[in-house]
Amino acid sequence: MIVLVIIGVFIAGFITYWILHEVIQSAVDNSTMARNIQEIRDHLVGNKAAEQAASDEDHENCPGCNHLVRKTEKVCGNCGLALRDWD
Ligand SMILES: [Zn+2]
């Protein structure tokens, strides 16, 4: 009889350990995933900022609607206002 109690306690302890192990493992995985997402986000935001800085050089704001248009465009793509360089 005492052997059954010992086996029961052992199994209960094993199950408790297994559940804790799973919970801790998933928490570790989540933090790793969160760090990866953070790195990807930083990467994308960094690229976007660099892209924005580069695009400022060949873009200007439409005088009519303030929409960002390329300096090479003759007509604003947003409001249709004729821009310079009509020759
Ligand atoms: Zn415009």
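Of note:
- Charge dipole magnitude, Cβ of K and R +1, D and E -1 - the chain, Cα centre, debye nearest 20: 300
- Note on T72 and I7: the extension gain reaches 15.3 nm, defined as 0.36 nm multiplied by sequence separation minus the Cα-Cα distance.
- Share of Cα-Cα pairs in the chain lying beyond 22 Å, as whole percent: 64
- Mean Cβ neighbour count within 10 Å, used as a protection proxy, ranking 25-34, 59-68 highest first: 59-68, 25-34
Readers should treat all values here as calculations from the given coordinates under stated rules, not as data from a laboratory. None of these values were measured; they are calculated from a predicted model. Note: ideal-geometry Cβ built from the backbone for every residue, glycine included; neighbour counts use all protein chains shown.
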